[in-house]
Amino acid sequence: MTTQAGLVVAAQRRHFDVLLDNGARAACLVRGRRLRIAVGDRVDIEGGAIVAVAPRKNLVWRSDAFKEKLVAANVSQIAAVVAPDLGVDEDLVSRWTIAAEAAGARFVVLANKSDQSGFDGLRERLRPYEALGYAVVPLSATRDASPALPWLRAQHTVLVGQSGMGKSTLINALVPGAGARTTPVSAALGAGRHTTTSTTLYPLDGASWIVDSPGMKVFGLAHIDPVELAHAFVEMRPYLGHCRFRDCRHAAEPDCAVTAAVDKGAIAPHRLALLHTLAVEAAAGRR
Ligand SMILES: Nc1nc2c(ncn2[C@@H]2O[C@H](COP(=O)(O)OP(=O)(O)OP(=O)(O)O)[C@@H](O)[C@H]2O)c(=O)[nH]1
Ligand SMILES: [Mg+2]
Ligand SMILES: [Zn+2]
């Protein structure tokens, strides 16, 4: 049987679309239970089955004690789409920063729906992320998505966000002919469902692609190693290694450089609280 190589461009449960190097598309299943496949993976297929996956630069995924969900592989950037109308879950935004740092990817916030009232308030709420060094890019997917373009050039970007923030609308504005389905917020939330149900990769040009993913309410990071975890908080890095105890958990230990930094206002208390929450989740995940 001939083997063909390609890029995984769509994923829904165990069904995948592969864009073959010869330009054709193939609908594929995965052979064997052990292969974990995500959009962005380079794979070999044989007779409609994915039989091998190339080594990855990284893998962005979500996990808790019970299950895992692969988001995308070979990602250079996580772009969080937020908007004023639905209320931004800041715990979630922080979790995406951690997911990005742990994957060695850049993190950027695309602040969408700049045409809506309440947008100034959203920008205020995003200031702490700017202070951490993450860019916040204001735009309106329905009126002018072009401010996103310089951020997407030469990047493999995955869009993440709560349902209804406008990820698919942004994809449609950026990718001619994408045809991603979108739903007015009131209708979608009234029906209690997410509009986008599969993960889809759209090539932007030879060097870049962008991934639309289903809206999410939670983002578990139970798979991140506890030592790595603290390093994924950019603002904690200067203090790590300066606590009295080498295995300090930055909780009630004496002479903790991290809690001292919180006390003097250099680290936000909610970020340290998130570190503790993630450590508990990671411990539950290992059990
Ligand atoms: N006013 C305004 N509405 C927008 C803008 N961008 C998106 N919307 C609207 O927001 C609603 C939800 O957009 P979607 O693109 O379906 O949201 P999504 O993030 O893909 O949602 P899920 O697929 O459920 O995760 C639609 O009615 C869009 O028209 C914007 O810039 N301004
Ligand atoms: Mg969508
Ligand atoms: Zn400490």
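Among the residues of region 216-234, those that are free of Cβ contacts under 8 Å to residues at least 60 places away in the same chain and either near ligand 3 (Cβ under 9 Å from one of its atoms) or touching a helix residue (DSSP H, G or I) at 6+ places or on another chain (Cβ under 7 Å) (or both) comprise PRO226, ALA230. The numbered conditions (1) away from ligand 3 (no atom under 12 Å from the Cβ); (2) closer than 18 Å to GLU101 by Cβ are all true for VAL258 except (1). Every test in (1) part of a strand (DSSP E or B); (2) surrounded by 17 or more Cβ atoms within 10 Å (Cβ to Cβ) is passed by ALA27 save one, and that test is (2). In the set (1) surrounded by 18 or more Cβ atoms within 10 Å (Cβ to Cβ); (2) closer than 19 Å to ILE78 by Cβ; (3) within 16 Å of ligand 1 (Cβ to nearest atom), ARG271 fails one condition alone, (3).
Here the helices (runs of 4 or more DSSP H) wholly within region 119-220 that include at least 3 residues being closer than 23 Å to ALA105 by Cα are 119-131, 149-152, 167-174.
Against the numbered list (1) surrounded by 12 or more Cβ atoms within 10 Å (Cβ to Cβ); (2) at pLDDT below 95, LEU240 comes up short only at (2). Among the candidates ARG249, ARG237, which residue alone is among the basic types (Lys, Arg), without any contact (Cβ under 8 Å) to a residue 60 or more places away in the chain and in a loop (DSSP other than H, G, I, E, B)? So the residue among ARG249, ARG237 that is among the basic types (Lys, Arg), without any contact (Cβ under 8 Å) to a residue 60 or more places away in the chain and in a loop (DSSP other than H, G, I, E, B) is ARG249.
Each row is one residue, and each column tells you yes or no for (1) outside the structural domain of LEU20 (by TED's automatic domain parsing); (2) surrounded by fewer than 20 Cβ atoms within 10 Å (Cβ to Cβ); (3) more than 14 Å from the chain's Cα centre (by Cα); (4) aromatic (Phe, Trp, Tyr).
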{"site": "GLY47", "(1), (2), (3), (4)": "no, yes, yes, no"}
{"site": "LYS67", "(1), (2), (3), (4)": "yes, yes, yes, no"}
{"site": "ALA72", "(1), (2), (3), (4)": "yes, no, no, no"}
{"site": "VAL93", "(1), (2), (3), (4)": "yes, no, no, no"}
{"site": "ALA102", "(1), (2), (3), (4)": "yes, yes, no, no"}
{"site": "ALA105", "(1), (2), (3), (4)": "yes, no, no, no"}
{"site": "LEU110", "(1), (2), (3), (4)": "yes, no, no, no"}
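Quick one: is GLY206 more than 28 Å from PRO150 (Cα to Cα) and away from ligand 2 (no atom under 16 Å from the Cβ)? It is false that GLY206 is more than 28 Å from PRO150 (Cα to Cα) and away from ligand 2 (no atom under 16 Å from the Cβ).
Against the conditions (1) under 25 Å from TYR129 (Cβ atoms); (2) touching an Asp or Glu at 6+ places or on another chain (Cβ under 7 Å); (3) not charged (D, E, K, R), VAL258 satisfies every one except (2).
The set of residues from region 203-218 being surrounded by 21 or more Cβ atoms within 10 Å (Cβ to Cβ) and more than 13 Å from ligand 1 (Cβ to nearest atom) comprises just one member, TRP209. Of the numbered criteria (1) within 25 Å of VAL160 (Cβ to Cβ); (2) part of a loop (DSSP other than H, G, I, E, B); (3) among the charged types (D, E, K, R), the one ARG34 fails is (1).
Out of the residues in region 4-23 that are at pLDDT 95 or above and either over 25 Å from the mean Cα position of the chain (by Cα) or of a type in the set (Lys, Arg) (or both), state the one that is farthest from ILE210 (Cα to Cα). Per the stated criteria, the residue is GLN4.
Any residue at all in region 184-195 that's under 28 Å from GLU130 (Cβ atoms), of a type in the set (A, V, I, L, M, F, W, C) and buried (at least 20 other Cβ atoms within 10 Å of the Cβ)? Looking through region 184-195, none of the residues is under 28 Å from GLU130 (Cβ atoms), of a type in the set (A, V, I, L, M, F, W, C) and buried (at least 20 other Cβ atoms within 10 Å of the Cβ).
The values are calculated or read from the model by the stated rules, or taken from the named source; none is laboratory data. Just so you know, these numbers come straight off a predicted model, no measurement behind them. So basically every Cβ, Gly included, is an ideal-geometry build from the backbone, and we count neighbours across all protein chains shown.
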